[in-house]
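Please read the structure below before turning to the comments.
Coordinate-derived values only; no laboratory data. Model, not experiment: these values are computed from the prediction. Methodologically, a virtual Cβ is constructed for each residue, glycine included, from the backbone with ideal geometry; neighbour enumeration extends over all protein chains shown.
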Amino acid sequence: MERVDRCVVLVDAGYLLGAAASLLAGEPARSRITVDHSALIQGLRERAEADTEQPLLRIYWFDGAPDRVPQPEHRRLRVMPRVTVRLGALTRSDGRWAQKGVDAAMHAELTELARNRACSDVVLVTGDGDLLPGLMSAKEHGVAVHLWAVQAADGDYNQSEDLVAEADERRVLDRAWITKAVRAKETGGVCAPPPVPRPEIAAILSAPLPEAALAASAERASEAQAAARNGTAAPAGSAAPHAQPAPGPKGVPTPKDLAALRAPGTQTVQHAPQPPAANATLRWSSDKGWVERGGPLGEPAETASLPTLAQVTSAEQRWADREEDITTVGGDPFEVGQVFARRWMERLPETVHLQKLSTMYPRIPHRIDGELLRYAARFGLLAHKDDQIDEHDRYAIRAGFWREIDVRAAAERTPVGE
């Protein structure tokens with residue numbers, strides 16, 4: 001089999017971006033940098049073709065992800081021309097994230113390319129000595145191996161010495177080259193400043209706070225304690241004498257905070273904790289506090305008639321949606337909410353559904369809200385903090401949903417010609 005004269009680039013993203021963060025931000029945390037992936041890929045391609053004097057076949061991007069679910073950056077990368085993304089697992093141990101399977105995947109790809117004579121030159125952007133056997137195997141198959149290093153923050157090596165010694169050619173990606181596509185995030189003092197929230201997110205964030213209900217619960221508990229001291233019966237609806245007042249809200253109330261509330265009108269027996277009223281059910285997501293559920297299935301009548309996206313989507317549309325998700329949707333939380341809302345509105349059989357939903361802001365009906373979050377999970381947005389839903393991402397998803405709803409509802413209200 002004749003060898004093809006072209007080059008391939010294998011990138012260990014953990015090494016490249018971690019070393020860039022150390023160089024620019026002083027620590028290897030990738031959260032300390034922002035990356036222009038389009039500029040980075042273009043820079044890698046131009047540099048590889050110039051150094052090897054061969055046309056590029058492909059760039060392989062190796063990275064880790066929780067449960068191997070592509071993150072937004074991976075979704076952007078894998079639809080770029082001549083880029084293939086290979087994902088290993090990202091696991092958390094002793095409070096730190098670690099990649100699993102990335103080195104093995106790079107070794108397998110390198111040896112397979114060399115064995116099949118798919119290229120004449122391979123560029124490796126890595127520092128891990130575990131790739132040494134693969135490098136040696138590629139050389140034995142007649143492939144020239146170019147090893148690239150990211151300039152080390154301390155001026156020393158950040159690569160395995162054995163890897164450096166075995167490579168045919170060596171180059172350093174210096175600070176000037178790195179900063180064409182990577183920037184350190186601005187910091188204020190020791191810690192990075194909190195991100196400025198979008199107005200839409202701030203509006204939704206402030207809407208569900210049940211401050212009045214929490215205050216009422218605390219007042220009822222106080223009355224019950226006073227009654228116990230005076231030897232009188234506790235007022236109806238008050239908390240048990242031994243119960244502690246419900247804590248005040250701290251930012252966004254959790255389901256646990258709201259579960260401490262009592263439904264209005266609940267009778268309490270002294271020294272016996274009273275469960276919530278049977279006709280009141282705590283619902284938590286975009287709904288707030290205690291709500292009355294009506295209808296035969298326990299769903300409010302005003303939302304029961306609203307169809308879900310799945311109910312108004314045909315098999316052909318579902319296939320087209322999946323293609324769009326893979327090729328064009330980047331995965332930003334706000335964008336995900338917009339895409340979901342746009343599809344839902346375009347397929348509604350009647351405009352009255354849109355008008356009805358727009359009057360419910362900021363509460364998204366439970367069925368639709370659950371479907372929205374399940375859709376967002378496809379993009380890896382919910383795989384944060386040991387698989388707990390990231391609070392800010394949820395509000396950003398819903399804010400994007402409401403922005404799209406608001407734009408369409410406003411257009412429907414505007415008479416033609418204005």
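For the reader, a short list of remarks on this structure follows.
- Centroid-to-centroid separation of region 1-30 and region 95-170 [C-alpha atoms, Å]: 10
- Residue-wise HN-Hα coupling along region 160-170, computed from phi with Karplus coefficients 6.51, -1.76, 1.60 (Hz; x: Gly, Pro): 5, 5, 5, 5, 4, 5, 7, 5, 6, 10, 10
- Sequentially through region 127-136, phi angles give Karplus couplings (6.51, -1.76, 1.60; θ = phi - 60°) of x, 7, x, 5, 8, 4, x, x, 5, 5 Hz, Gly and Pro residues having no value and appearing as x.
- Calculated FRET value between ALA377 and ARG318, using beta carbons and R₀ = 22 Å, to 0.05: 0.85
- Of all DSSP beta bridges in region 7-184, antiparallel share, percent nearest 5: 20
- Multiplying the residue separation of ARG347 and GLU169 by 0.36 nm and subtracting their alpha-carbon distance yields 58.4 nm.
- The slack between ARG3 and THR359, meaning 0.36 nm per residue of separation minus the straight C-alpha distance, is 121.6 nm.
- The Cα atoms of region 7-184 give a gyration tensor whose axes a ≥ b ≥ c have a/c under 1.5, which makes the shape rounded.
- Between ASP325 and ARG82, the contour length at 0.36 nm per residue exceeds the Cα-Cα span by 85.6 nm.
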